[in-house]
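**Q** I have a structure here, written as structure tokens, and I will follow up with some questions on it.
The values are calculated or read from the model by the stated rules, or taken from the named source; none is laboratory data. Keep in mind that what you see is a predicted model, and the values were worked out from it rather than measured. Please note: Cβ atoms are built from the backbone with ideal geometry, for glycine as well, and neighbour counts cover all protein chains shown. Remember, those area values only see protein heavy atoms, side chains included, never the ligands or the DNA or RNA. Shrake-Rupley method; radii C 1.70, N 1.55, O 1.52, S 1.80 Å.
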Amino acid sequence: MDMLQVSVWRGSAGGEYRSYQVPRQESQSVLDVVTYIQRSIDPTLSYRFACRVGMCGACAMTVNGVARWTCRTHVAKVARGDALQIAPLVNFPVVKDLVTDMREFFDKWARARGQFVSGATRKDAFARVAADSPARVAANAGIECIGCGVCYASCDAVSWNPDYLGPAALNRAWTLVNDVRDVAGRERLAAVAGDAGCHACHTHLSCSERCPKAIAPTASIAGLKRAVAIAALKGEL
């Protein structure tokens, strides 16, 4: 039987890689490999997963240096010969082994005013938004984000500037800027206009290239840059 030589990060930030041999199977995912190690070799291995079908994003890890959903990543596509290296997502504090602390990631969504703010009450009629309107089309391009953190882990700007809000939070802000039902647009643009906001993006495109949902946060951030500039010229910021 063919075997995979798997190197897995163990411990916290000061940990080390540990090697395991895992039987190689047809149509085997990287998450299958991690699960085999935990269930058949070392039950102390910690990792995170939920749906196993690419809907939750919980299983995101760094595989051979690239952030990926491990449930949707086939070993045959990423293995270097018979070798795999599996580590936690970068740009996140490591809790243990392959588990990261995502609190700061989601706190940045809040700092980017990522919550929908309605000006309507329950007594008002439902808002009617034309599906083909430019604002709705722009919002639709980014609304499928599930907060997996792959873009954040792939972002060099986050590595250089830990205060940077990051592509996921800014993409969320852009969808709300284009939601005509939302009434917090000015406050949201002010929140993303600072040194840690949209202008900290260096347009390396790593977030867009690696997003498993094929979202382009780089385009969303560019839209925010334009919106912030227009608002500033109008004296609204």
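**Q** Kindly provide the set of residues from segment 19-37 that are more than 25 Å from the chain's Cα centre (by Cα) and not in a loop (DSSP other than H, G, I, E, B), ordered by number.
**A** Within segment 19-37, S19, Y20, Q21, V22, P23, Y36, I37 meet the criteria.
**Q** Another question about this same structure. Give P217, P167 a once-over and let me know the one that is in contact (Cβ under 8 Å) with a residue 60 or more places away in the chain, touching a Ser or Thr at 6+ places or on another chain (Cβ under 9 Å) and on the phi < 0 side of the Ramachandran plot. Spell out the reasoning first.
**A** Numbers: P167 fails: in contact (Cβ under 8 Å) with a residue 60 or more places away in the chain.
The match here is P217.
**Q** Residue pairs, Cβ under 6 Å, 6 or more apart or interchain, first in segment 225-237 and over 16 Å from N178 (Cβ atoms), second open to solvent by 50 Å² or more (accessible area, probe 1.4 Å). List them.
**A** E236/R186; L237/A190
**Q** So which residues in segment 188-216 are open to solvent by less than 80 Å² (accessible area, probe 1.4 Å), hydrophobic (A, V, I, L, M, F, W, C) and more than 13 Å from D156 (Cα to Cα)?
**A** L189, A190, A191, V192, A193, A196, C198, C211, I215, A216
**Q** Kindly provide the set of residues from segment 146-159 that are surrounded by fewer than 20 Cβ atoms within 10 Å (Cβ to Cβ) and at negative phi, ordered by number.
**A** Let us first name the residues in segment 146-159 that are surrounded by fewer than 20 Cβ atoms within 10 Å (Cβ to Cβ), namely 146-147, 156, 159.
Matches in segment 146-159: I146, D156, S159.
**Q** Going by the conditions given, is A168 hydrophobic (A, V, I, L, M, F, W, C) and surrounded by fewer than 20 Cβ atoms within 10 Å (Cβ to Cβ)?
**A** Working: hydrophobic (A, V, I, L, M, F, W, C): yes; surrounded by fewer than 20 Cβ atoms within 10 Å (Cβ to Cβ): no.
No, not satisfied.
**Q** Shifting gears a bit: Given the residues R128, R136, which is the only one that is in contact (Cβ under 8 Å) with a residue 12 or more places away in the chain and among the charged types (D, E, K, R)? Before the answer, list the steps.
**A** Working: R128 fails: in contact (Cβ under 8 Å) with a residue 12 or more places away in the chain.
Going through R128, R136 in turn, just one is in contact (Cβ under 8 Å) with a residue 12 or more places away in the chain and among the charged types (D, E, K, R): R136.
**Q** Please tell me if L233 is exposed (fewer than 15 other Cβ atoms within 10 Å of the Cβ) and closer than 15 Å to A153 by Cα. Step through it out loud before you land on a result.
**A** On the way: exposed (fewer than 15 other Cβ atoms within 10 Å of the Cβ): yes; closer than 15 Å to A153 by Cα: no.
Spelling it out, it is not the case that L233 is exposed (fewer than 15 other Cβ atoms within 10 Å of the Cβ) and closer than 15 Å to A153 by Cα.
**Q** Which condition from (1) open to solvent by 50 Å² or more (accessible area, probe 1.4 Å); (2) touching a Phe, Trp or Tyr at 6+ places or on another chain (Cβ under 7 Å) is the one that Q25 breaks?
**A** (2)
**Q** Report the residue count in segment 145-171 for those that are small (G, A, S) and either modelled with pLDDT under 95 or not in a loop (DSSP other than H, G, I, E, B) (or both). First the steps, then the outcome.
**A** Step one: list which residues in segment 145-171 are small (G, A, S), which gives 147, 149, 153-154, 157, 159, 166, 168-169.
Checking which are either modelled with pLDDT under 95 or not in a loop (DSSP other than H, G, I, E, B) (or both) leaves us with 153, 157, 159, 168-169.
Total satisfying the criteria: 5.
**Q** How many of the residues in segment 1-13 are within 26 Å of the chain's Cα centre (by Cα) and open to solvent by 80 Å² or more (accessible area, probe 1.4 Å)?
**A** Narrowing segment 1-13 to residues within 26 Å of the chain's Cα centre (by Cα): 6-13.
In the following step, the residues that additionally are open to solvent by 80 Å² or more (accessible area, probe 1.4 Å) were identified as 13.
Final tally of qualifying residues: 1.
**Q** Looking only at segment 187-211, count every residue that is small (G, A, S) and part of a loop (DSSP other than H, G, I, E, B) and tell me the total. Give the steps one after another, and end with the answer.
**A** Applying the first criterion (small (G, A, S)) to segment 187-211 yields 190-191, 193-194, 196-197, 200, 206, 208.
Right, trim to part of a loop (DSSP other than H, G, I, E, B) and you get 193-194, 196-197.
The qualifying residues number 4.
**Q** So, restricting to helices (runs of 4 or more DSSP H) that lie completely within segment 57-144, which ones have at least 1 residues that are open to solvent by 80 Å² or more (accessible area, probe 1.4 Å), at pLDDT below 95 and closer than 28 Å to A193 by Cβ?
**A** 134-140
**Q** Can you go through E187, E144, E209 and tell me which one is over 30 Å from V53 (Cα atoms) and among the charged types (D, E, K, R)?
**A** Exactly one residue qualifies, and that residue is E187.
**Q** Moving to a separate point now. Just to be sure I understand the filter: pairs with C-beta atoms under 9 Å, separated by 6 or more residues or on different chains, first member in segment 4-19 and hydroxyl-bearing (S, T, Y), second member not in a strand (DSSP E or B). Which pairs pass?
**A** From segment 4-19, the pairs are S12/P93; S12/D97.
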